[in-house]
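Let me begin by presenting the structure, written as structure tokens, before commenting on it.
The values are calculated or read from the model by the stated rules, or taken from the named source; none is laboratory data. Since we're looking at a predicted model, the values are computed, not measured. Glycine gets a Cβ as well: all are built from the backbone with ideal geometry, and neighbour counts include every protein chain shown. Side chains are part of the model used for accessible areas, which takes the heavy atoms of the whole protein and leaves out ligands, DNA and RNA. Shrake-Rupley method; radii C 1.70, N 1.55, O 1.52, S 1.80 Å.
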Amino acid sequence: MNFNEIPFQLLSIGVLLVSALLMGKLFARLGVGEITGQILGGVLVNPSFLHWFGVGSPAYHDAFASLKFMMFAIFSLTVFALGEEMSFERVRKAGRDTLAITLVQILVTFVLVLVLFLLFGGDGTPVVHAFIIATVGLATAPVALFILIKRMGIEGDLRIKATNIVVVSNVVQIVLFSICIQFALDVEGGESATLLRALARVTKEIALSLAIGAAIFLVLKTAIRETPLEPLPYRSDETTELGFLRFFFEDSPTPSLEVLLLVFGLICAGAALAWTLGLPFLITSLAAGMLVANFHSRRVFDSLFIGNITPILNLVFFALVGASLRLETYSLQILFYVFLYVVGRGAGKFFGTWLGCKMTRQDPKIAYCLPMLMLPQAGLAAVQVAFISFALPQGERVFQIVIPGMIVFEVGGILVSERALRKWKSWVVGEAKILRGRTAVVSDDAVLTRILTENDVIVPLSAHNKAEVLNEMLGRLVENEHIAPQVKHGLFREFLRRERIQSTGIGDGVAIPHIRTALVDKMSCVLGIKRDHPVEYKAIDDKPVSLVFLFLSPEKETGNHLRLLSEISYVLRDAREREILLGAGNASEAYRILTDYCKTWPQEKAGSPSGV
């Protein structure tokens, strides 16, 4: 190394970190996505970008080129961590439905991207590159999705299915990518391209990669042994002792920097060996992680997230992705390929997941939200195309196509995913528990009696079907000036959309249509009764509906929304009270029956109503 290059290397790493940090924070505050900001921060100090302004030098360019190895080191560690999610227990809990949805989504996405590039890629996209781009398109961004789910407090089936599908699809993607790229490398190296020989060769290379991963596992198994220690001043169910390296490391019952360094060092060495031998190095890291997760302590993975090390590694990785773009190579043709990638992957992920949900008969709400959660894409795709840019002739073109598409999915995918999670939260968070419960959250100051007036009761309803019921009840809210006339149509569409996802007819002749929406700024409620000619409502028990409670709340009104749902559910679970309400001759009588019943809540709330 030339001594005069050192100042440029120091400058490159300095401006890279500062630019990525500032842009990441800026984009996070704007709600666009910190990863996108970090990539664009790398673009701002990109040698080819600065060259447009007459800034930079060959030495500055070479300094950035010398840092690219860090991308592969960081991502090899990330793939090792992904192996934790592939424990046998987790795969078993994922279930057949999750695996089926994953496979359908992978097949649809792969075929759609591949066909688009084969049909419209022209001479600029060799067939092998089309296959590689289609394989890269299968990758999804687990970290971004997991952070979003955790931040929004999403629990239940959607969270379980989304996280499992993302993890399983990424593991499958890594295997398929490794096979595809290995085949391409062998063909480029002049090896025989017959199918049987190619499969035999790739199988052998994957087996060798697995062997290196197993060797890494054995070293970790030997070096980090679980043994019972002397009683500690605090409770610890599992401890970690470093075996033959104990001379250097202290016994550590908790995640430690020493374990992180040991894992990082072994993973980098294993990846380097696999790369040198022409083997798929990601398989090596993934195999080591899976073996540790299943046959050793999963607490080894805890050390990968110690302190603030993970955010630092992520920042460096995505900043280098932005700094590696060769902006001078972009043309209308490349941008057209980016468009093909975005359209193919977006449509494949969305419709493939939706089709998988339909084939496995998922809850309609899950079938609505889950496809949108599969759109984000980030690190896995970035490191794979970075590897391709080094490994294959014209591989730089694949990098130039995928990275802008990845940015589109990182920004747009996160925005769409957040919208889907908000919709899910507005539909189901807390509601299932309330509707299944046997008691209600009630008090002297009931929300129901506070917002429902005698004028908000309709006896009898004149509507003959579900749409007419919703329209009539919203019309009453307009008449009573609870909602503005100009928002009635928008609210009607939101209620219909809610009903298409899943009927609010809860059985026993009862329906509780309810939404949270940005179209109103206060809660309102209306009760409709139609005893003589019940309305066909597509309820869960397929029975027509005679009692309908419709209410709506502002979008941010979570507490009182769930409380009102709880109170209405409490009333209508009582079979005797339902019969009394159905016997009301007019709105005034129905309102009196309801308010009289509410007065008994402080005495009855500890009991268990009869009926539903």
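If you go through region 84-110, how many residues are open to solvent by 20 Å² or more (accessible area, probe 1.4 Å), at pLDDT 90 or above and within 16 Å of Ala139 (Cβ to Cβ)?
Number satisfying all stated conditions: 4.
Looking only at region 471-493, filter to residues that are touching a strand residue (DSSP E or B) at 6+ places or on another chain (Cβ under 7 Å) and open to solvent by less than 40 Å² (accessible area, probe 1.4 Å); which one of those is nearest to Phe549 (Cα to Cα)?
Met473
Among the candidates Leu21, Leu26, which residue alone is buried (at least 16 other Cβ atoms within 10 Å of the Cβ) and at pLDDT 85 or above?
Testing whether each residue is buried (at least 16 other Cβ atoms within 10 Å of the Cβ) and at pLDDT 85 or above leaves just Leu21.
Residues in region 405-425 that are open to solvent by less than 30 Å² (accessible area, probe 1.4 Å) and among the basic types (Lys, Arg): how many?
Final tally of qualifying residues: 0.
What single numbered condition from (1) buried (at least 22 other Cβ atoms within 10 Å of the Cβ); (2) of a type outside the set (Lys, Arg); (3) part of a helix (DSSP H, G or I); (4) modelled with pLDDT of 80 or more fails to hold for Val115?
With (1) buried (at least 22 other Cβ atoms within 10 Å of the Cβ); (2) of a type outside the set (Lys, Arg); (3) part of a helix (DSSP H, G or I); (4) modelled with pLDDT of 80 or more applied to Val115, the lone miss is (1).
When residues of region 376-396 are filtered for being crowded, with 23+ Cβ neighbours inside 10 Å and under 20 Å from Gly122 (Cβ atoms), how many remain?
Matching residues across region 376-396 total 2.
Pick from region 172-204 the residues that are at pLDDT 80 or above and surrounded by fewer than 22 Cβ atoms within 10 Å (Cβ to Cβ): which of them is farthest from Thr276 (Cα to Cα)?
Within region 172-204, the match that is farthest from Thr276 (Cα to Cα) is Val172.
Would you call Leu208 under 17 Å from Gly289 (Cα atoms) and either modelled with pLDDT of 85 or more or touching a helix residue (DSSP H, G or I) at 6+ places or on another chain (Cβ under 6 Å) (or both)?
In short, yes.
Out of curiosity, is Pro404 in a loop (DSSP other than H, G, I, E, B) and either more than 20 Å from the chain's Cα centre (by Cα) or within 23 Å of Val79 (Cα to Cα) (or both)?
Spelling it out, it is not the case that Pro404 is in a loop (DSSP other than H, G, I, E, B) and either more than 20 Å from the chain's Cα centre (by Cα) or within 23 Å of Val79 (Cα to Cα) (or both).
Any idea which of Val398, Val383 is part of a helix (DSSP H, G or I) and modelled with pLDDT under 80?
None of the others qualify; the one that does is Val383.
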